[in-house]
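The values are calculated or read from the model by the stated rules, or taken from the named source; none is laboratory data. Please read all numbers here as calculations on a predicted model, not as lab measurements. So basically every Cβ, Gly included, is an ideal-geometry build from the backbone, and we count neighbours across all protein chains shown. All accessible areas refer to the heavy atoms of the entire protein, side chains included, with ligands and DNA or RNA removed. Shrake-Rupley method; radii C 1.70, N 1.55, O 1.52, S 1.80 Å.
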Amino acid sequence: MHWKRTTAPDGIPGSPGPPSTADDPPASRRASGVSAALQVACEFARPGVRVHHRPTLAQLRAMAVLDGHSPASYPLDPAVSWLPESLPADFPHGSVGLRFAHAGGELVTLPDGWSFSL
């Protein structure tokens, strides 16, 4: 089968490349790592924050990526708080998750960065 080629192999000179999708916004709209980290730090500096543990780096990254707000500690103990029915065998029972709100609802992020929705 012959393919019709309408542009040179390296594309059109001066073009920005393929159009961006909703999953991959252009770099101008994407928050830099520093600004996302500062936004998360500001969330923890607000008065009334209910975080009683030291969040892991993976938890902070998840919160920064999802533009999270209103962080709170969430005990990962079925006797204290709700947990999903289907949990993996190596679930960190007894540790503390980071609960935060974002545009899609609320998440609880585990210490390793995985999360579940509330």
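Filtered by the rule that a residue be part of a helix (DSSP H, G or I) and either open to solvent by less than 50 Å² (accessible area, probe 1.4 Å) or basic (Lys, Arg) (or both), region 40-59 gives VAL40, GLU43, ALA58, GLN59. One residue alone among LEU107, LEU66, LEU38 is at pLDDT below 85, at negative phi and among the aliphatic types (A, V, I, L, M), and that residue is LEU38. Scanning region 84-112 for residues that are surrounded by 14 or more Cβ atoms within 10 Å (Cβ to Cβ) and either in contact with a Ser or Thr (Cβ under 8 Å, 6 or more places away or on another chain) or without any contact (Cβ under 8 Å) to a residue 12 or more places away in the chain (or both) returns VAL96, GLY97, LEU98, ARG99, PHE100, ALA101, GLU106, LEU107, VAL108, THR109, LEU110, PRO111.
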